[in-house]
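The block underneath contains the structure these notes are about, expressed in structure tokens.
Values quoted throughout were computed directly from the atomic coordinates according to the rules given, and no laboratory measurement underlies them. Quick caveat: nothing in here was measured; it's all calculated off a predicted structure. Note that each Cβ is placed from the backbone with ideal geometry, even for glycine, and that neighbours are counted across all protein chains shown.
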């Protein structure tokens, strides 16, 4: 290309200029386009406007098409409070066979037996079973957060967390999760 000039990187740039066409209304940018120089007075069609954003009804909309696990899981905890935290003697999950149970411990590694474990409730499909989360049956110091999820593919499952406190029972928080990706969703009304 003999009509261009070399830059410090060895590439040639064309001498033809490009103009910037900006359409604005009341200070808001409506559209912009690069147009060749010398195209003064020519008309260029504007691109179609972007589609409007989807209207949000009650969040989340993706969980509304899912059906809850049946029977809906029950998570129970038994133990006693201590000055330094809580001693959990039994933590059980009652759900249909085939459901996935995920248990997570959030806190310093010295206070958690593990970070996460996943298991599946065994047995004949549809049969209701009660299983223990034995890894959480121990003494925990105050400040540790225990989370238990019960989920199934394409279904709305249960989420329960226990915040260990000193001289008081653990603070319990219940909610729902969608699918096995454990995405929080609004619980369906019963």
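Length gained on full extension, residue 132 to residue 87, computed as 0.36 nm times the residue gap minus the Cα-Cα distance: 14.7 nm.
Computed from the alpha carbon atoms alone, the convex hull of region 104-190 holds 123 Å³ per residue. What's the long-distance tail for region 81-125, i.e. % of Cα pairs beyond 18 Å? Counting every Cα pair in region 81-125, those more than 18 Å apart make up 47 percent. For 105, 187, the sequence from fewest to most other C-beta atoms within 10 Å is 187, 105.
Equivalent-ellipsoid semi-axes for region 68-151 (Cα gyration tensor, √(5λ), whole Å, largest first): 26, 13, 9.
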